[in-house]
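Below you'll find the structure, written out as structure tokens, and then a few comments.
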Amino acid sequence: MIRHSLQVFLNRTFLEGTLTLPPSPRGLVLFAHGSGSSRWSPRNQAVAEGLAEGGIATFLFDLLSPDEDRSMRCRFDIDLLTHRLTDVTHWIKDRDDVSSLPIGYFGASTGAAAALRAAAILGDRISAVVSRGGRPDLAREALFEVTCPVLLLVGSRDYEVLDLNNQAYEALGGEKELLLISGATHLFEEPGALDEVTKDSKSWFLRHFKARSGELREDETEYQPQQ
């Protein structure tokens, strides 16, 4: 297992991240954390570790700079988070060690909304999305445009978020699945809850990375980061 501490520079903004590369990775998953969190989220790190052990490369990074993260407006600015995620996706794909890998998104809370909106923007360049306790309702206007397979994971005792995910599930237009993590609440702190999230996420990504292997094509247009 190889880990790289990376600094992403986009439009005068520095973002810190960690890229983990297992031997012969099957794909790359970018993590979009929730508001008030960061690349150090213990739940996302636990899932990322499990994915890496299953042969999936992972990139955990801060969606916001330290100054931006002090602003509640920035934390809930889904447009900003979406553009940041798409910019980082293009940035990481320029690396030779991951350029040929299919891409997936793992989003939590508000990060799930950014992941779904970014997937709608990037189309067939994204192979799969997993949402953990996410807020897909915050991406409602883009849900019908998401063409990649989407897995919604929700704690069975996270009642308000479960209702929002049920509504979002109906709006999603492509392949989709909603799974309840039995006994779990919003933070998945219950024994075994994160293990189940990791197992389901790994299965979802590996299945759809395999389906997309060899099907990716080079983007024919030059990409410019959002200003």
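The values are calculated or read from the model by the stated rules, or taken from the named source; none is laboratory data. None of the values given here were measured: they were computed from a predicted structure. Cβ atoms come from the backbone with ideal geometry, glycine included; neighbour counts cover every protein chain shown. Remember, those area values only see protein heavy atoms, side chains included, never the ligands or the DNA or RNA. Shrake-Rupley method; radii C 1.70, N 1.55, O 1.52, S 1.80 Å.
A few notes on this one:
- Between Trp40 and Leu179, the simple spin-label model (points 7 angstrom out along Cα→Cβ) gives 3.0 nm.
- Probe 1.4 Å, protein heavy atoms only - accessible area per residue of the range 1-124 in square angstrom: 39
- Helical content of the chain, expressed as a calculated mean residue ellipticity at 222 nm, amounts to -11000 deg cm²/dmol (DSSP H runs of 4 or more residues, -39,500 (n - 2.57) each, divided by residue number, nearest 500).
- Computed over all pairs of different Cα atoms, the Kirkwood value for the hydrodynamic radius of the range 32-129 is 13.7 Å.
- Placing +1 on each Lys and Arg Cβ and -1 on each Asp and Glu Cβ, with no other charges, gives the chain a dipole about its Cα centre of roughly 280 debye.
- Kyte-Doolittle mean at least -0.5 and Cα axial length at least 15 Å: DSSP H helices in the chain: 78-93, 110-122
- Cut-off under 5 Å, modelled amide H: who pairs with Glu190 long-range: Thr185
- Heavy-atom accessible surface of the chain: percent carbon and sulfur, 1.4 Å: 48
- Kirkwood Rh (inverse of mean 1/r, distinct Cα pairs), the range 170-215, angstrom: 12.5
- The number of Lys pairs in the chain with C-alpha atoms less than 18 Å apart, excluding pairs fewer than 8 positions apart on the same chain, is 5.
- Our summary gives the chain a relative contact order of 18 percent, counting only alpha carbon pairs under 8 angstrom and 6 or more residues apart.
- Integer Hz, Karplus 6.51/-1.76/1.60 couplings in order for the range 24-35, x for Gly and Pro: 6, x, 8, x, 10, 10, 8, 9, 10, 6, x, 4
- Scattering profile of the range 81-155 at q = 0.13 Å⁻¹ [log10 I(q)/I(0), Debye over alpha-carbon scatterers]: -0.34
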